[in-house]
Amino acid sequence: MVKNTEVKLSAIAGGLLKSPSDALVIGVGQGPDGPVLLDNPLTAKAAETLAESLTVLGITGAADQVHRLPGLPETGAGVLVLAGVGKTAAEQPIAEEALRRAAGSAVRQLAGVATVTLALPTTSHADVAAVAEGAAMGAYAFTEHRSSNDGVKDPVQNVLISTEFATDKALQPVLDRASLIGKAVNATRTLVNQPPSHLYPETFAEAARELSKGLPVKVTVWDEKRLEKEGFGGILGVGKGSTRQPRLVKVEYAPAKAAAKIAFVGKGITFDTGGISIKPAQGMGDMKSDMAGAAVVLNTVLAIAGLGLPVKATAWLCIAENMPSGAAQRPADVLTMFGGKTVEVLNTDAEGRLVMADGLVAASQEYPDVIIDVATLTGAQLIALGARTAGVMGSDAVTGRIKAAADRAGELVWPMPLPEELRPSLDSQVADLANIGERHGGMMTAAVFLREFVGKGKDGELIPWAHIDIAGPSFNNGSPYGYNHKQGTGCTVRTLVAYAEDVLAQAA
C-alpha cells in the first residue's frame, strides 16, 4: 500500500564538472537593497555577471521563487537554477529552515529532472543536514492510484550537495539521517493521502506491519473482538457505525539498555463523517486526513528504530472509521472507556478524543517516562493558530522540550495553556465526564479532556504528558510551498524524532 518515493543523497566538493548533473541550484537572498547572489561555486566572473543581472531577470530572492536559466559550461549542468531563500542580512548566517525550504522548493519544482546539484551556502554540518532534509521532502509524489502518469512529472531521483564538508567522514551519518527523516515524513504523507476506500482500520494495521518490515520493532494488533473483550469502549464506540471494524495497533521498539521510555499515542480516524452529528458536505473529503496523528507516531517510532536510538519508543495507533448508520453511537450515549471511566457522548463528531482516551490509558499502564499524543483533534486549533502552526499543551516540562525540538527541526509549534476553569464545562449529569465542554478555547478544552485519561507513574504522580493538535498543519489545502506538497505534509515527525534525541542528550 505504501509506495514511497525516496531520493538518493550524496555530497560533492570541488569542481562541478567531475560530478555533472541536469540542473545546478544556487541561492539568492532578499537583501535590504535588492536581490543578493549567495555564496556559490561559479567562477568569480560568472557570479559577478549573474549578480548584476538579477533585477533585470525579475529575480527577487523571495522564498519559493525558482528561476531557470541556461546552464554554464563550467557547471556541468544543462540548467542553472536560482532559488530564493527569503530575507537575508549582511554577515548574518542563513537560518537552517530557510535552507531547508529553499532546497525543498527547488527539488519539488524541478520534478521531471533526474539529477540535481544543490550549491546552497553551508557553513556547518547542520546546514548540510537542512539542505539534505529539504531535498528528501521535496522529492515526493503520490501517484499510485492513477491509471496513467501522463502529464505527471517524476520526482528528482538523485541530489548532489555541493559543500566543503563533502570529504569529512562525519558527514555521511548526517546524510543518512536526513534520508531516513525524509523517508519517514514521506511515508506519513502517503498514508494521509490514501483515499478512505483504500485506507481503513484493517488496511492501516496492515500498512503498519508493512512499513515495520526489516526494523527491530514488534507490532501487535487488537481486532474488534479483543477490543471488546478488554473493554476499549472509546475505540469501539466510535467505530461501531462502520462496517469496517476498528483496530488498536501497538508498535514497539525496545532496544537493550534504553536510556528513556517514550510512549506516543496517535489519532487514527481513517474517515470522519462526524457520525450522527454529521459534518457539512463541503470539505468532508479532507477528512481522509483525520488519521494523520496515528501516521505521525507510527513513522516517528520507525524512524527512531531506524536511527538505532537507545530509547524505548512505543506508538499506539487508535484507529476507527466514524460513520453514521443504524449501529452508530448516538448523542447522549454513555461509553465505558478502557480503564473504567465513563463518558457521555454529547457530540459524535468529537470522536478523536474518545479513541485517544483509550490509547492514553493503555500507554499509561506501561509506566513510560513521558506520553506524547498527536491528533488532528479540533477545528479550534486552526482558529487559534492557523493552518501551519501546531498547538502543544500539557506538562510544562514536556511542552517546553517539544517547542525546543520543533525549533531545532524547523517546524512551527506553539505552547498553549490548560486553564483550570475549562474542566467544569466537561461535567456530565449521567457519567464521569462529557466529551464536549466550553466552546470557546475548544482546542484547550479537548486537551483538558485528554488529561483525564493520563495515568500516574510508579511514583504516584501524573505521568509527564503533552498533547499536540495538528489539525491545520497536517494537511495542506493551499498551494505547495517550500518542501511541502499539496495534501499530506508529514508534519511533527521531525519534531518528535528531535525530541527523542534531545531527551537522550540530556540523559547522557
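Are any of the residues in the range 300-311 among the polar types (S, T, N, Q) and over 28 Å from H198 (Cβ atoms)?
No, the range 300-311 contains no residue that is among the polar types (S, T, N, Q) and over 28 Å from H198 (Cβ atoms).
Only a single criterion out of (1) closer than 20 Å to S474 by Cβ; (2) in a loop (DSSP other than H, G, I, E, B) is not satisfied by E366, namely (1). Scanning the range 112-127 finds no residues that are acidic (D, E), in contact with a Gly (Cβ under 6 Å, 6 or more places away or on another chain), surrounded by fewer than 24 Cβ atoms within 10 Å (Cβ to Cβ) and at pLDDT 95 or above. Filtered by the rule that a residue be out of contact with any helix residue (DSSP H, G or I) (no Cβ under 6 Å at 6 or more places or on another chain) and modelled with pLDDT of 95 or more, the range 249-261 gives K250, E252, A254, P255, A256, A258, K261. Answer with yes or no whether T123 is hydroxyl-bearing (S, T, Y), touching a residue at least 12 places away in the same chain (Cβ under 8 Å), within 26 Å of D64 (Cβ to Cβ) and not assigned by TED's automatic domain parsing to the domain that holds A409. Yes.
Please work out if G241 is outside any loop (DSSP other than H, G, I, E, B), buried (at least 20 other Cβ atoms within 10 Å of the Cβ) and of a type outside the set (A, V, I, L, M, F, W, C).
Numbers: outside any loop (DSSP other than H, G, I, E, B): no; buried (at least 20 other Cβ atoms within 10 Å of the Cβ): yes; of a type outside the set (A, V, I, L, M, F, W, C): yes.
So G241 fails the test.
Specify which of the listed residues (A406, A387, A431) is assigned to a helix (DSSP H, G or I) and of a type outside the set (D, E, K, R). So that I can check it myself, show each step before the final result.
Numbers: A387 fails: assigned to a helix (DSSP H, G or I); A431 fails: assigned to a helix (DSSP H, G or I).
That would be A406, the only listed residue that is assigned to a helix (DSSP H, G or I) and of a type outside the set (D, E, K, R).
Among all residues of the range 386-396, there is none that is at pLDDT below 95 and among the basic types (K, R).
Screening the range 290-362 for strands (runs of 3 or more DSSP E) wholly inside it with 3 or more residues that are under 20 Å from the mean Cα position of the chain (by Cα) and either more than 19 Å from F271 (Cβ to Cβ) or not assigned by TED's automatic domain parsing to the domain that holds K261 (or both) returns the ranges 312-322.
Let me confirm something: among P195, P216, P201, P173, which residue is buried (at least 19 other Cβ atoms within 10 Å of the Cβ) and either modelled with pLDDT of 95 or more or over 30 Å from H125 (Cα atoms) (or both)?
Values: P195 fails: buried (at least 19 other Cβ atoms within 10 Å of the Cβ); P216 fails: buried (at least 19 other Cβ atoms within 10 Å of the Cβ); P173 fails: buried (at least 19 other Cβ atoms within 10 Å of the Cβ).
None of the other options fit; the residue is P201.
Cβ-Cβ distances below 6 Å connect the following pairs, each with a first residue in the range 309-335 that is free of Cβ contacts under 8 Å to residues at least 60 places away in the same chain, a second residue that is among the aliphatic types (A, V, I, L, M), and a separation of six or more residues or different chains: R330/I276; P331/L346. Apart from one condition, H145 fits all of (1) closer than 27 Å to C491 by Cβ; (2) modelled with pLDDT of 95 or more; the exception is (2). Residues that are surrounded by 24 or more Cβ atoms within 10 Å (Cβ to Cβ) and either more than 12 Å from the chain's Cα centre (by Cα) or in the same structural domain as Y140 (by TED's automatic domain parsing) (or both) within the range 457-482 comprise W465, A466, H467, listed in sequence order. Go through the range 2-22 and give me each residue that's at pLDDT 90 or above and among the hydroxyl-bearing types (S, T, Y). Within the range 2-22, S10, S19, S21 meet the criteria. From the list A447, A434, the one residue that fits, being buried (at least 16 other Cβ atoms within 10 Å of the Cβ), in contact with a His (Cβ under 7 Å, 6 or more places away or on another chain) and on the phi < 0 side of the Ramachandran plot, is A447. Restricting the range 253-276 to residues that are touching a residue at least 24 places away in the same chain (Cβ under 8 Å) and surrounded by fewer than 19 Cβ atoms within 10 Å (Cβ to Cβ), which is farthest from L307 (Cα to Cα)? Result: G274.
The values are calculated or read from the model by the stated rules, or taken from the named source; none is laboratory data. On a predicted model such as this, the values are computed, not experimentally measured, just so you know. Cβ coordinates were reconstructed from backbone atoms using ideal geometry, including for glycine residues, and neighbour counts include every protein chain displayed.
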